[in-house]
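Contents: one structure, followed by commentary.
Please treat every number below as a calculation from the coordinates, not as lab data. Predicted, not measured: the structure shown is a model, and the values here were computed from it. Here the Cβ is made from the backbone with ideal geometry for all residues, glycine too, and neighbour counts use every protein chain on show.
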Amino acid sequence: MFLLDYKKLNEYRSEALDSLVPVIDVCLGLKSYIYPHQYSYPSIFIYGHRASGKSHVMHVLMKELEVREISTPFHCLDTDASLLSALLRLQELVEDNVTVILLSEIAWDKFRPNTGCFEPLLLHFPDYSKSELQQILSQNVHPSYSAGFYSAYINILLGVFYSVCRDLRELRHLAALNFSKFCEPLAEGKVKETDTHKLWKHIEPHLKKAMQTVYLREVSSLQWEQMQQMEEEEAGALRGLSAHTHVELPYYSKFLLIAAYLASYNPARTDKRFFLKHHGKIRKTNFLKKNEKTSNHLLGPKPFPLDRLLAIFYSVVDSRVAPTASIFSQISSLVTLQLLAQVSHDDQLDAPKYKCAVSLDFICAIARTVNFDIVKYLYDFL
Amino acid sequence: MATSSVSKGCFVFKPSAKKKKKTLSLESYFVQGCEDAESSEIRFRLCQELWDEIKTDTEVLQDELNRTILDSLLDFTRKCSSTRQNSDWTSQMRASEIPTAALMLGVNVPDHDMTFQSLSDMLKQSVSPHVASVQAKECGALKHLMKKVLERLMDTVVVVDDEDEEENVETSPRVHRSMHCSLGILCDWYTARTKKSPTGTPGKKRSSQVRDEQQQPPVVIIFKDLEAFNPRVLQDFILICSQYIDRLPLTFIFGIATSPSTIQHMLPHSVSSLLCIELFQSLSCTQHLATVIDKLILASRIHFKLNGKVMQVLIGVFLYHDFSVRNFIKGLQLALLEHFHSQPLSVLCCKKKQALFNVTQLSKPNLDRIRQLPSFKRYVEKQEAQEQVNLMTDDSHLKEVCQQLIKDLHKYHKNYYPILRCLHTLTSSLPRYPLGKQIRELYLICLAKNVWENEDYQSAMKLVKMLAKGEMVSLLQKCVEILQLSKSKKMKNALVQLEELLAKFKQLDTATEMTPTVEASIPSPIKNLQKKTDLFQLQKTLLEMNESRRAKRLSPFENLRNEALEFIDNLVKSHLSPPESQPLYEVCYYSSSATVRRHLNATPRTSIQAALSNPYYYLQNDSLKSEDGTVSNTAPDICIAYKLHLECGRLINLYDWLEAYSTVVSAAEGNDQDSENFGKVDEVKHARFIRAVSALEFLGFIKSTKQKTDHVARLTWGGC
């Protein structure tokens, strides 16, 4: 949100502006809404995807116009609708030449209050097309290489990444990270600058790997740069963030988590069958209801009360456990570790409800460490 | 205190300044209710000395353990701040990511505080004075998070740098607080600070070298418990920070208890792409515990010891409940305090010289206490008749003997731990770990009873007998290294013998080549085997074969291996006897596992049940005393109601319950059994009953049910 105050404005220099911003048209369009010497339009709403030049345009514009700006990012969707309506008519309220410019990645329709409000001017910043991206990225030529060579590199880069990422900022970042690798054969004297095909052959697998690792931030940019300098085998040893999923837990916490998982994914009526030694005869047709079967894991975890969790816990844990305070505190520890989620409100002391928030793979790994065959106890896999 | 208010409620009474109680010193707390007040002062002092020693030891240990991870973390922050200041093409092109260290700390959250404390201290010392740490619970909303970060960053600097501006310290936080909370302010503040710093602010605790390489020290923000943060708040904060990254060199440190994938769960790609995340793995808590046990428990230098059961409780709490090393040390502290508080003879639990002196100062009642010690009684029984009489009657003789016994106890400890370690090195790598993988497991076995009588010990020894030469020699070499550290005479002797054995092993290499194999001369029964078809004969031959193989002359290596094993076995038998076998062991060993368990692992439900079924236990009122588990009818209402409800089935009829209650209470009031009013429900009894029932409902013993009118459902079973 920018508030423009035109009192400070001395002169208006439009010619300098044009050369700076790639999306000149938009800028010119925008300029036409902002008048320094007369009241301008009270509010402008600009939307477009990430890195489509919104802030940049604004930044340059502000600089050029030499206006005072105040900016505070906030969640319009959360805030009171009345605040938004007030902002949109700020000009009337302060009786001064003020324009509110709202920047967003979301379309205006999502914000419009039910009660109706002053409609701002809508401006859409469309995503850059592939050729535009090519054009913009090619501007940042490495000083020691020719423009044509760099442009070829950008072309290859876009060929790999354009399908997954159109974020200009991210692409520029990736271009910087991988350029040294691209230049490698050139430095070794194997290839000429013009031999694009060979260069492509060299860089393509590397870029594919980058897409799976550094783009997803599985490895950090710093690590990625180090990896390029290392030998292939060494680099392979570096594991991404999501590779570390193993969590070491105290013994009873493991069983509490297992009990929570069972409570979340088994229907409560089947507890008798799983955890009672002499559960009597349960008719199979009745027990295995068709629609219920195999669907529990697709539907996600269901909430369960504390009593049920403890009942299952005492039944699955192999030794007699005294109901000590630390058992209960372990439940709340699991909640803070986000392995369990408390469904009921924090204030509800009586019969709180929880959900298990871990995956099947995770719980299987945990169960294996305590020699507990969890699949045998899951209704879905019966 | 009385109020003039007519309504019920809570009133705050500020204590008047005059009536302030004198705060008791630690010592007077200790002395209060202490057995044998005379020696309590000395005991308090000893206890405190020991605790101080343990405390500093743990701190040093903690620092050592954290050093590697902290060093790499410091490297990372330095590297980040240096790459940022580069101005080549790549760094200009790269999106300005916020360097972020994901610090994997494990689920033992209580221990993290210490780590973060030393981390932020080290960061302040060697990287940047601008370090702020935030916790999730103080940052429910973005506003709060921002406020905390600003406050901590700007305040610390005020305190650290301008020591001569003490007066400003008090006013400045207020100024900041009233200010508009935004990162822009922080930016301005930062620029102002860094402009000043090259000229050299006095009192800045940074070495000149560091200052040279960093004109712009990074601003480090530590998120202590990432999992607990509200993801929305965190995302917004990171988004805002990324807007200022070119002006403000921020660095984040995420403390993660579970796994790094948490970051991906909490932050969408659009946010995590603003971070340059690197992973740092800290030492696992089990390894940490192992080092703590190694340094504090298995050390003859600290004279206070835990017996097997107490150890078991502490290790159990660690493994089964919390994984927290800090809590383990707290448990140790509790045991230490309890020991010195409750055992008057703990005056002897100190360094040898002091202990010997304290023996001479023992009072008459304390000498009698020594005579009552079970271990001392066992010792007396072994003596001759005249000596027995002397020990029981002659105080000065007793003192002399005690001095000798204390000396023996110290020697015992000096020999015990090296041998324990040797045994551990020999057995810890055996298949299936018959004596445990960790030394604490072996220690528990040894504390419980004579380890050599243990089946596992025998099977372990059998396995050791099968070790190949290379392994055997390297293990013995490790034992030599352990024994070299010990200064006691016996251990030095053992060391010499072990070294001789090792030398023999090494000689074998050259000797085996010389001696020709004689095994060929033994007649092979296999040849005869083919002729016989009788089953009985076959069995006999096989048995013979087995015999002959056993009787077969052992190779020199096998001989030597057996010799070495026998040597180890003898060492174990002479030094690893359990502490209970040592006279006066009670002086050093704390053995009340029940106390420790009660304090560390509270059982609220058991306590409630104990209070309800046996009110005397807590109220200590003689009229409530009762045998055979019955509740006296003068007990509090809730106890009577509880007792009556135990006799009911799943559903309790409220009216029947009330009738029964009224009868019991009437009997307590001493009403005549035959009178008309006996057992009749009056208003007061009714009200008391209702109150008791609702209290039981609150405690979770019953709940209302719609299955039957005027009935409540029972929720607990058993546990009378």
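For the stretch B:604-714, a crude dipole built from +1 on the beta carbon of Lys and Arg and -1 on the beta carbon of Asp and Glu, taken about the Cα centre, is about 780 debye to the nearest 20.
Look at the stretch B:313-321: the mean tally of other chain Cβ atoms within 10 Å of its residues' Cβ atoms is 4. Here the stretch B:628-661 and the stretch B:314-356 have alpha carbon centers that stand 43 Å from each other.
Ranking of B:H112, B:H397, B:H130, A:H202 by neighbouring Cβ atoms within 10 Å, starting from the fewest: B:H397, A:H202, B:H112, B:H130.
Distance from the Cα centroid of the stretch A:193-226 to that of the stretch A:132-186 is 11 Å (rounded to whole angstrom).
Per residue of peptide B:251-261, the mean number of Cβ atoms on other chains within 10 Å of the residue Cβ is 4. Label-to-label distance, B:H686 versus B:E659, with points set 7 angstrom from Cα along the beta-carbon direction: 1.7 nm.
Cβ-to-Cβ counts within 10 Å put B:K487, B:K465 in ascending order as B:K487, B:K465, the fewest first. Oblate is the label for the stretch A:130-218. Its Cα gyration tensor axes, ordered a ≥ b ≥ c, give a/c of at least 1.5 and b/c at or above a/b. Rounded, prolate or oblate: which fits the stretch B:604-714, taking a ≥ b ≥ c as square roots of the Cα gyration tensor eigenvalues, rounded meaning a/c under 1.5, else prolate when a/b beats b/c? Oblate, since a/c reaches 1.5 and b/c is not below a/b.
Each label point was placed 7 Å from the Cα along the Cα-to-Cβ direction; for B:S342 and A:L382 their separation is 5.0 nm. Principal semi-axes of the equivalent ellipsoid, √(5λ) from the alpha carbon gyration tensor of the stretch B:329-381, are 22, 15, 11 Å from largest down. The convex hull of the Cα atoms of the stretch A:296-382, projected and averaged over all directions, covers 6.3 nm².
Computed from the C-beta positions of B:Q135 and B:Q539, the FRET efficiency with R₀ = 51 Å rounds to 0.10.
Working from label points 7 Å from Cα in the Cα-to-Cβ sense, the B:H269 to A:S163 distance is 1.3 nm. For the stretch B:604-714, the residue among B:V665, B:L646, B:T630 whose Cα projects farthest onto the positive side of the dipole built from Cβ charges is B:L646.
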